[in-house]
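The block underneath contains the structure these notes are about, expressed in structure tokens.
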Amino acid sequence: MRFPYSVGGKPLLPITLSLAAKDLATEALLDSGADVNVLPWRIGEALGAQWDDRKTTLRLAGTLSGTPAMPLLVMGRVADFPPARLAFAWCRTDDVPLVLGQTNFFMEFDICFFRSRLEFSVVPKGSGTP
């Protein structure tokens, strides 16, 4: 399925995130250079996630260095594709965008960027060429 780049020229993907009985329709930045999926604080809260200081914390690098984060598994649905379990680094700040990165969005979906055409395509893994 093909999607247009945003007005600002970014590959923003419409996605519905689900945790327990809560769903949240939003947009996420597709970032092939990001090692992990990143979830801002407000989105985790909106999904009903509870911060647990006893859980393993994640050490983030780059601009997120020093930002407290913990692993959070949520279901993600893109278009009419089957939902996929996505692992996020849930950050204790809203100063980060919702990012879909190599671990594990790019492991669950095949993505192809057509920057010159201002579009990108996304298909579930194993379903053919994007």
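The values are calculated or read from the model by the stated rules, or taken from the named source; none is laboratory data. Note that this is a predicted model, so its numbers are computed, not measured. Don't worry about glycine lacking a Cβ; one is built from the backbone with ideal geometry, like all the others, and counts go over all protein chains shown.
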Next on the checklist: Restricting to the range 83-102, and then to whatever is surrounded by 20 or more Cβ atoms within 10 Å (Cβ to Cβ) and not aliphatic (A, V, I, L, M), can you tell me which residue is nearest to V123 (Cα to Cα)?
Outcome noted: G101
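Looking for whichever is surrounded by 15 or more Cβ atoms within 10 Å (Cβ to Cβ), within 15 Å of the chain's Cα centre (by Cα) and under 24 Å from L118 (Cβ atoms) here; the options are L47, L39, L29, L19. Which one fits? It would help to see each step written out before you state the result.
Working: L47 fails: under 24 Å from L118 (Cβ atoms); L39 fails: under 24 Å from L118 (Cβ atoms); L19 fails: under 24 Å from L118 (Cβ atoms).
On inspection, the qualifying residue turns out to be L29.
Can you find a residue that is of a type in the set (S, T, N, Q), more than 26 Å from G128 (Cβ to Cβ) and touching a Leu at 6+ places or on another chain (Cβ under 8 Å) anywhere in the range 21-28? It would help to see each step written out before you state the result.
Taking the range 21-28 as the starting set, the residues that turn out to be of a type in the set (S, T, N, Q) are 26.
Okay, now just the ones that are also more than 26 Å from G128 (Cβ to Cβ), so 26.
In the following step, the residues that additionally are touching a Leu at 6+ places or on another chain (Cβ under 8 Å) were identified as 26.
There is at least one residue in the range 21-28 that is of a type in the set (S, T, N, Q), more than 26 Å from G128 (Cβ to Cβ) and touching a Leu at 6+ places or on another chain (Cβ under 8 Å).
Among the residues of the range 82-130, how many are within 10 Å of the chain's Cα centre (by Cα) and part of a helix (DSSP H, G or I)? Give the derivation first.
Step one: of the range 82-130, the residues within 10 Å of the chain's Cα centre (by Cα) are 86-89, 97-106.
If we keep only those that are part of a helix (DSSP H, G or I) too, we end up with 105-106.
Within the range 82-130, residues that are within 10 Å of the chain's Cα centre (by Cα) and part of a helix (DSSP H, G or I) number 2.
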Checklist entry - Taking the condition under 19 Å from G126 (Cα atoms), of a type in the set (D, E, K, R) and touching a Pro at 6+ places or on another chain (Cβ under 6 Å), does D80 pass? => result no
Checklist entry - Looking at the range 1-16, which of the residues that are touching a residue at least 60 places away in the same chain (Cβ under 8 Å), part of a strand (DSSP E or B) and hydrophobic (A, V, I, L, M, F, W, C) is surrounded by the most Cβ atoms within 10 Å (Cβ to Cβ)? => result L13
Item to check | For T63: the one exception among (1) at pLDDT below 95; (2) among the β-branched types (V, I, T); (3) in contact with a strand residue (DSSP E or B) (Cβ under 6 Å, 6 or more places away or on another chain) | outcome: (3)
